[in-house]
Every structure is written in C-alpha cells, then in structure tokens.
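Only one structure is covered here, and it is reproduced in the block below.
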Amino acid sequence: MSKTRKFITYTLLIISTFIIVFPILYAFSISFMTGAQVLEGNLLPTSFTFENYRAAFERVPLLHYLLNSFVVSISVMLGQIIVSSLAAFAFVFISFKGREALFFLFISTMMIPWEATMVPNFLTIQKLGWLNSHLSLTIPFFALAFGTFLLRQQFKTIPHELYEASQVAGISRFRFFWNVVLPVSKTSLVTLGVYSFLTTWNMYLWPLLVTNTEEARTVQIGLKQMQTQEISTDWGVVMAAVVVVILPTLLLLFLGQKRLQKGLTQGAIK
C-alpha cells in the first residue's frame with residue numbers, strides 16, 4: 001500500500017472515529033457545565049464543577065437504580081450463559097429424533113420481533129404476579145436463540161470423537177461438558193456474556209412496562225424520570241447521570257473488545 005493511500009485511509013478512520021465518539025465526549029463536557037453555559041452552546045466548560053453529579057444522585061435514587069441494573073444484567077448474563085450452553089451442548093453432542101428440525105425451529109424465533117411477543121410475555125408475567133420484581137426483568141430473557149446458535153457453532157469445532165471416547169471411558173455427559181467443552185469455549189462464553197450484559201443494561205421498554213415502583217426500576221427508567229421531572233430540563237445534571245450510566249458499558253467494551261470480536265467469528269469456521 002502506497003504512502004498516499006495509507007494517509008487517506010488513516011485520515012478517513014480518524015474522521016469516522018471522531019464522528020462516532022463526539023456525542024460521548026460532548027455529553028461528558030456538558031456534565032461539567034452550568035445551565036447557562038449549555039444554553040450558550042459552549043463546547044467546553046469554562047470551569048469544572050462536580051455539582052451536576054451530586055445533583056444527579058439527589059434528584060432520583062440513581063445509586064439504587066444502578067444497583068438494580070447491575071443485579072438484573074448480571075442475572076440475565078449468567079442465565080443466558082447457563083441455558084444457552086446447555087442447549088448448545090444438547091444440539092451438538094446428544095443425538096435424538098428431530099434434533100435438526102427442533103434447532104431450526106429454535107433459531108427461527110430470531111426472526112420474530114421482540115415487540116410481537118411483548119404483550120403475551122407481559123400477560124404471563126402479570127398472571128404469575130411477578131410485576132415490580134427482578135423475576136420479571138430476568139427470567140423471560142434466559143432462553144436466547146442467538147446465544148445457543150453462537151455456542152453451538154463453537155461446540156461443533158470440538159471433535160465428536162473426543163465425546164465418544166469420553167463415553168467409552170465412562171465419563172458422564174455433564175463432566176465432559178464441564179471439564180472439556182466449557183474450558184475450550186471461554187472466548188465464546190465471554191462474548192455471549194458481554195452481549196447479554198450490554199443488551200440488558202440498555203433495555204428500556206420492557207422495564208418500563210413491568211415496573212412502576214422505585215424499588216424495582218432500572219437505571220434507564222431513572223434517566224427518563226430525571227429528564228421529565230421539570231418543565232425546564234437541566235441538561236448538565238441529565239448528562240452527568242448519562243455519563244455515570246455509560247461508564248460501566250464503556251469499560252466492559254474496552255476490556256472485552258478483542259474477545260468480543262474473536263468470539264463472534266470463532267465458530268464461523270469449523
């Protein structure tokens with residue numbers, strides 16, 4: 001590649017990166033501004049103050065909402081890893097009649113929009129009496145077709161002869177699953193965990209439907225609640241809360257970016 005072509009390529013990459021990152025940087029900058037500075041359209045604060053961050057935790061129980069989001073996101077992450085890994089193991093290593101047809105039916109649910117199943121799920125949760133509880137925010141999301149498909153593709157890279165040899169040696173299926181399959185699939189498991197955590201953390205519509213008390217609400221509902229508390233929105237305070245909320249996701253993406261990229265492509269080639 002010539003120097004001119006490299007220069008153009010890297011210039012375009014830098015510009016694209018700046019366009020993508022600019023909203024986050026601007027939100028971070030606004031979080032240190034007063035209301036007057038925001039209305040003036042300043043890009044940078046004239047003086048740094050943490051007053052907006054203090055106000056963000058005082059106007060709504062943001063710390064409690066953050067704790068709820070952490071509990072819900074981690075629960076869904078663990079639930080999806082457990083259910084998806086067990087289902088993928090069954091679809092790969094356990095032979096039973098109609099396995100391929102059942103897997104095709106299972107995967108076809110990915111084509112159904114979440115909005116189409118929202119009302120039946122809500123009615124089910126309501127009849128079970130799970131409204132305003134963590135059960136309504138976690139259990140409906142434990143079974144994930146994408147997670148099962150991702151892990152199935154990874155598990156298929158494990159030689160089936162290894163599983164047959166373990167059966168001949170008298171090793172139980174669960175022991176083979178725990179000691180052999182999971183250790184060699186760490187990258188895909190981390191990928192699924194990161195995806196599950198981020199998806200659940202950023203969920204808004206479903207928590208809005210199944211929770212109406214401060215004890216059960218998640219942080220995304222808290223942000224909307226803060227924005228609509230007053231007629232004149234104090235964007236400095238709102239952006240301070242936004243920065244606090246997106247920090248865990250940015251940190252998770254920063255730490256797990258390589259594993260996330262590797263895990264999404266690792267099972268593509270058998």
Fill in: FRET efficiency estimate (nearest 0.05) - Cβ-Cβ, ILE20 to LYS224, R0 22 angstrom
0.40
Discussion item. Can you tell me which aspartates and glutamates have their Cα less than 20 Å from the Cα of LYS156? Leave out same-chain residues fewer than eight positions away.
Written reply: GLU100, GLU164
Fill in: Accessible area per residue in Å² at 1.4 Å probe, computed on region 34-156
56
Worksheet item: Put a dot 7 Å past each Cα toward the Cβ at LEU135 and ASN202; how far apart are the dots in nm?
Response: 3.0
Worksheet item: Once the Cβ-Cβ distance between GLU40 and ILE246 is put in as r, and R0 is 22 Å, what FRET efficiency do you end up with, to the nearest 0.05?
Response: 0.35
Worksheet item: Going by a ≥ b ≥ c, the root eigenvalues of the Cα gyration tensor, does region 15-75 fall in the rounded group (a/c under 1.5), the prolate group (a/b larger than b/c) or the oblate group?
Response: oblate
Worksheet entry | Nearest-20 debye value, region 84-199 charge dipole, Cβ charges on Lys, Arg, Asp, Glu | 160
Worksheet entry | Segment PHE174-GLU58, extension gain: residue separation times 0.36 nm, minus the distance between their alpha carbons | 36.8 nm
Worksheet item: Restricting attention to region 96-184, which chymotrypsin sites (Phe, Trp or Tyr not before Pro) occupy a DSSP loop and are surrounded by at most 11 other Cβ atoms within 10 Å?
Response: PHE96
Worksheet item: Leaving out ligands, DNA and RNA, what percent of the accessible area of the chain is carbon and sulfur, probe 1.4 Å?
Response: 69
Response to the item:
Those chymotrypsin sites (Phe, Trp or Tyr not before Pro) from region 1-81 that are DSSP loop and have at most 13 other Cβ neighbours within 10 Å turn out to be PHE48, PHE50
Worksheet entry | Full-extension gain in nm, LEU67 to LEU13, via 0.36 nm per residue minus C-alpha separation | 15.8 nm
Worksheet item: With the dipole of the chain worked out from charges on the C-beta (+1 for Lys and Arg, -1 for Asp and Glu) around the Cα centre, which of HIS160, THR49, ILE94 lies farthest toward the positive end?
Response: HIS160
Worksheet item: What fraction of the Cα pairs in the chain, stated in percent, has a spacing above 31 angstrom?
Response: 45
Worksheet item: If you take the alpha carbon radius of gyration of region 62-125 and divide it by 2.2 N^0.38 Å, what ratio comes out, to two decimals?
Response: 1.52
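The values are calculated or read from the model by the stated rules, or taken from the named source; none is laboratory data. Bear in mind that the values here come from a model prediction, so they are computed numbers and not experimental data. We place every Cβ from the backbone using ideal geometry, glycine too, and count neighbours over all the protein chains shown. Areas reflect the complete protein model, heavy atoms only, side chains present, ligands, DNA and RNA absent. Shrake-Rupley method; radii C 1.70, N 1.55, O 1.52, S 1.80 Å.
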